[in-house]
1. Which residue pairs have Cβ atoms closer than 7 Å, lie 6 or more positions apart in sequence or on different chains, and pair a first residue in the stretch A:83-112 that is more than 22 Å from A:Arg171 (Cβ to Cβ) with a second residue that is open to solvent by less than 100 Å² (accessible area, probe 1.4 Å) and assigned to a loop (DSSP other than H, G, I, E, B)?
2. Quick one: is A:Pro92 over 45 Å from the mean Cα position of the chain (by Cα) and surrounded by 12 or more Cβ atoms within 10 Å (Cβ to Cβ)?
3. Could you check B:Val33 against (1) assigned by the TED database to the domain that holds B:Phe13; (2) aliphatic (A, V, I, L, M); (3) under 16 Å from the mean Cα position of the chain (by Cα); (4) open to solvent by 20 Å² or more (accessible area, probe 1.4 Å) and say which number it fails?
4. Quick one: in the stretch B:53-76, of everything that is away from chain A (no Cβ under 11 Å), of a type outside the set (Gly, Ala, Ser) and without any contact (Cβ under 8 Å) to a residue 24 or more places away in the chain, which residue is most open to solvent (accessible area, probe 1.4 Å)?
5. List every residue pair whose Cβ atoms lie under 9 Å apart, where the two residues are 6 or more positions apart in sequence or sit on different chains, the first residue falls within the stretch A:152-179 and is closer than 21 Å to A:Phe99 by Cβ and open to solvent by 100 Å² or more (accessible area, probe 1.4 Å), and the second residue, located anywhere, is part of a helix (DSSP H, G or I) and small (Gly, Ala, Ser).
6. Considering each residue of the stretch A:23-41, count those that are open to solvent by 90 Å² or more (accessible area, probe 1.4 Å) and under 21 Å from A:Ala53 (Cα atoms), and give that number.
7. Which number in (1) surrounded by fewer than 19 Cβ atoms within 10 Å (Cβ to Cβ); (2) more than 9 Å from chain A (Cβ to nearest Cβ) marks the one condition that B:Lys25 misses?
8. (1) within 11 Å of chain B (Cβ to nearest Cβ); (2) out of contact with any strand residue (DSSP E or B) (no Cβ under 6 Å at 6 or more places or on another chain); (3) open to solvent by less than 70 Å² (accessible area, probe 1.4 Å): which one isn't true of A:Lys294, the others all being true?
Amino acid sequence: MAEGPAATTIAASSYEVDLGNLMAYDPSHHIAAASREELRQECLRKGTELAQALADALFALPPNEDRDGPIVHLSLPTVRLPREKHLPKPKPPTKWELFAKVKGITKRKKNKREWDEQTQSWKRTYGYDRVNDDKDIPIIEAKSTDEPGVDPFAQRRDEKKKRVEKQEKNRLENLKKAAKIGALPRLLSFTSKCCFPPPLYYECLFVSGRNLAELQLSNIFCMQSIQLAAKALPIIGTKADLPKKSRKEDLESVVGMASSATASGGKFDEKLPDEKPPKHPGKHRKFLPVAEGKGMGSLEKQQNDKILNSLLARNSDEPLDVGKASSRIQPLT
Amino acid sequence: MRPLDEKETTQVFEKLFKFTGPNLKHLLERPAVEGPDAEPGRYCLRLNRNRVYYASEALVRRATAVSRPRLAGVGTPIGKFTHHGAFHLTVHALDLLAAHARRRVWLKPDTERSFLFGNSVPKSSLARITENTKVGDGVVVMSMADVPLGFGIAARSAQDCRKADTNAVVVLHQADAGEYLRKEEELM
């Protein structure tokens with residue numbers, strides 16, 4: 001260019017090269033270009049210079065010889081890049097947290113080991129070999145309120161199971177609430193590959209008898225990313241082209257279709273314990289019987305009478321025959 | 001063969017009502033005159049394929065013994081449902097309508113032939129018309145010898161007929177007895 005090679009070398013030394021990010025930056029660069037074409041040329045030239053400066057810096061580093069060639073360790077980046085994604089939204093307080101706040105309950109630290117009175121030994125607070133385990137209770141004394149045939153050990157197990165299920169349900173509810181306001185982190189393994197309808201429907205087809213709540217359980221992790229993916233606009237098309245959230249009725253109808261999609265219409269399949277009978281079994285249109293009793297059934301008579309009466313009522317506005325009436329008018333004498 | 005559902009029954013009744021008026025009640029509730037049964041039942045409407053039949057209850061009961069693909073008809077056919085669900089009365093209903101219709105039109109003897117060939121009735125062929133015929137009423141066309149020839153819809157009221165032109169259409173043709181010869185294949 002006009003300044004000549006001297007000017008460019010001086011300028012080259014003032015470039016800021018960040019080897020950690022492999023970036024070269026000229027702080028004193030001004031673009032003086034009139035037309036688009038000139039601008040393009042200017043940018044290309046400047047880019048070349050910067051790339052050259054970067055390459056110089058790279059090759060100036062001491063290499064380690066390896067069998068694949070010289071390997072160079074880059075220094076840590078000096079320029080801090082701005083945040084790629086938004087700050088995480090604060091999670092809404094869970095049901096327990098709200099309750100604790102109201103009651104003024106604070107967290108207390110639990111020790112890892114506790115003294116177990118039952119076995120008279122030190123045991124873990126939770127997990128394998130824990131304090132207050134049901135296994136360690138040899139005898140449960142019968143109370144006066146107990147019925148004769150009832151197994152108290154089984155009762156304890158059932159109660160525990162219920163407590164665990166309740167807790168799991170609460171945990172999912174909290175997650176759902178957080179997901180609703182977008183406070184849950186996205187799962188990277190699902191976002192790029194998962195599009196909305198297929199996973200949900202495939203799960204339905206293979207899982208047709210299972211409890212729908214369980215289905216949602218297994219999909220809860222997909223749900224967050226699915227929701228985010230579903231709200232994103234497609235590359236071409238409008239919001240109207242987006243697949244809509246499938247509703248409970250859609251799921252139920254798909255389950256019904258899947259359960260009857262066998263060779264014998266799903267009639268002889270074994271039903272799972274929780275499975276409800278299909279809502280629209282087979283016949284979708286009801287007809288009156290051809291002949292009931294002596295011929296016409298009462299329902300048919302009712303139907304006919306109803307229609308007849310409504311028809312007659314609608315057209316009953318001819319009580320007066322104007323022609324006949326006018327011919328009977330006698331002139332006043 | 002099956003009974004008509006609500007929508008179909010409404011359509012059939014409305015078409016019949018145009019001809020019979022309040023007599024429709026009598027048409028549907030009169031005791032059956034056919035059959036060997038001691039206690040006469042009523043008449044009912046049944047649908048077989050696309051056609052609507054008017055049959056007595058006794059006959060319907062006996063017709064349930066015939067298998068579906070073999071059943072050609074039950075009783076008197078009165079009309080049929082078209083492909084898109086509209087109901088049309090056919091010429092088979094002539095006897096029934098002639099017995100129960102309110103409005104009649106008598107044709108001059110020379111002009112009967114024109115109607116039997118499928119043309120509408122112009123004023124020039126009109127010999128007599130029931131007094132209180134309104135526009136849109138169903139009308140049974142008779143010859144001077146009181147033989148029912150067919151039926152149609154009145155295009156003009158009785159008063160208007162007097163004032164009308166000789167070539168003005170009085171009755172729009174719907175079905176006539178000549179169809180038995182002309183449309184032999186289509187009728188059954």
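The values are calculated or read from the model by the stated rules, or taken from the named source; none is laboratory data. Model, not experiment: these values are computed from the prediction. So basically every Cβ, Gly included, is an ideal-geometry build from the backbone, and we count neighbours across all protein chains shown. When the accessible area is computed, the model is the full protein with side chains, heavy atoms only, and any ligands, DNA or RNA have been set aside. Shrake-Rupley method; radii C 1.70, N 1.55, O 1.52, S 1.80 Å.
1. A:Asn111/A:Thr125; A:Lys112/A:Thr125
2. Numbers: over 45 Å from the mean Cα position of the chain (by Cα): no; surrounded by 12 or more Cβ atoms within 10 Å (Cβ to Cβ): yes.
When the stated conditions are applied, A:Pro92 does not pass them.
3. With respect to (1) assigned by the TED database to the domain that holds B:Phe13; (2) aliphatic (A, V, I, L, M); (3) under 16 Å from the mean Cα position of the chain (by Cα); (4) open to solvent by 20 Å² or more (accessible area, probe 1.4 Å), B:Val33 is out only on (3).
4. First pass over the stretch B:53-76, keeping only residues away from chain A (no Cβ under 11 Å): B:53-54, B:66-67, B:69-70, B:72-73, B:75-76.
From what's left, of a type outside the set (Gly, Ala, Ser): B:53-54, B:66, B:69-70, B:76.
Those still in the list that are without any contact (Cβ under 8 Å) to a residue 24 or more places away in the chain too: B:66, B:69-70, B:76.
Values: B:Val66: 67, B:Pro69: 107, B:Arg70: 192, B:Thr76: 51 Å².
The residue in question is B:Arg70.
5. So the pair list comes out as A:Lys169/A:Ala213.
6. Looking only at that region, the number is 5.
7. Of everything listed in (1) surrounded by fewer than 19 Cβ atoms within 10 Å (Cβ to Cβ); (2) more than 9 Å from chain A (Cβ to nearest Cβ), B:Lys25 misses just condition (2).
8. Exception for A:Lys294: condition (3).
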